[in-house]
Amino acid sequence: MINLLTICEKTKITPNVIWEVGANHPNQVHVANLILGAKRVELFEPHPYFAEELRRAFGHEDKITVHQVALAEKEGEALFRDDGCSSYLDGVASPRTKRGDPPENTFKVNCHRVERYDSGDIDLLAIDTEGAEWHVIGAMKSRPRLICVEMALGPDPAMGRADYRNPYYDEIKAWMKANGYEMAEADGQDEVYVR
């Protein structure tokens, strides 16, 4: 996992408003070491188990809000494929779709468009939604100073993974360029852009 605090220190970015979309389990939260200095943190996680774990870990802090919703292309409900930390919206070309049959366990989750929450003041965005990242980035009002986005996944024989490239890779790259972002770091999975 890329250390976002180190990148913020190098680039002199002091994020007051932090979002993590697809926050997952508390021990997987990319922005965890930035929370102390933030004024407001919003964590989005549609999986009920992980959302509850996030509430237990961070719910005591007034500046942190946990939203149990998927930020998606359309408002309403959607089918969610339960694959633990790699769960995803049904129909999305997630990394999991490269590894054989989809998980059988599914449930419905609430979906909202990013516009419902984004008032234009996000300073830092970390997003890992297993292939649905573009539906957030492409519709955002904000232009965060730093964006960390899952873009690819290399082969990992131990996990049975095949090579994966974000289905909206080209759209995300074009959006970053058009909006004045430059890549600050990449680890073969996540890419970090700053402006």
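Just so you know, all these numbers are worked out from the coordinates, no wet-lab data involved. Predicted model only: the values in this text are computed from it and were never measured. Every residue, glycine among them, receives a Cβ derived from its backbone with ideal geometry; neighbour counts consider all protein chains shown.
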Quiz item: Where does the charge balance sit around HIS60 when Lys and Arg score +1, Asp and Glu -1, over other residues with C-beta under 15 Å from its C-beta?
Solution: -1
Quiz item: So if we plug the beta-carbon distance of LYS74 and ASN27 into 1/(1 + (r/R0)^6) with R0 = 30 Å, what FRET efficiency do we get, rounded to 0.05?
Solution: 0.45
Quiz item: Between LYS141 and ASP170, what is the FRET efficiency for a Förster distance of 25 Å, r being their Cβ-Cβ separation, to the nearest 0.05?
Solution: 0.65
Exercise. State, as an integer percentage, the relative contact order of region 4-194 based on alpha-carbon contacts under 8 Å between residues 6 or more apart.
Key: 19
Quiz item: What nm value, rounded to one decimal, do you get for the distance between ARG195 and GLU9 when each label is placed 7 Å out toward the C-beta?
Solution: 2.7
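How much of the DSSP beta bridge set in the chain is antiparallel, as a percent to the nearest 5?
So the antiparallel bridges amount to about 50 percent of the total.
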Quiz prompt | Gained length - ASP62 relative to ALA93, 0.36 nm times residue gap less alpha-carbon distance | solution = 7.6 nm
Quiz item: Which loop GluC sites (Glu not before Pro) in region 1-103, with loop taken from DSSP, have no more than 10 other Cβ atoms within 10 angstrom of their Cβ?
Solution: none
Exercise. Obtain the nm distance between the two label points defined at ILE35 and CYS85 by a simple spin-label model: each point lies 7 Å from its Cα along the Cα-to-C-beta direction.
Key: 1.7
Quiz item: Arranged by the count of other C-beta atoms within 10 angstrom, fewest first, what order do SER142, SER119, SER87 take?
Solution: SER119, SER142, SER87
Quiz item: Dipole size in debye (nearest 20) for the chain around its Cα centre, Lys and Arg Cβ +1, Asp and Glu Cβ -1?
Solution: 480
Quiz item: With charges only on Cβ, +1 for K and R and -1 for D and E, what is the dipole size of region 29-104 about its Cα centre, in debye, rounded to 20?
Solution: 340
Quiz item: Picking from ARG81, ARG165, ARG116, which is most flexible by a Gaussian network model of the chain using Cα springs under 10 Å?
Solution: ARG116
Quiz item: Which entry in (1) 110; (2) 236; (3) 159 is this structure's computed volume of the Cα convex hull per residue in Å³?
Solution: (1)
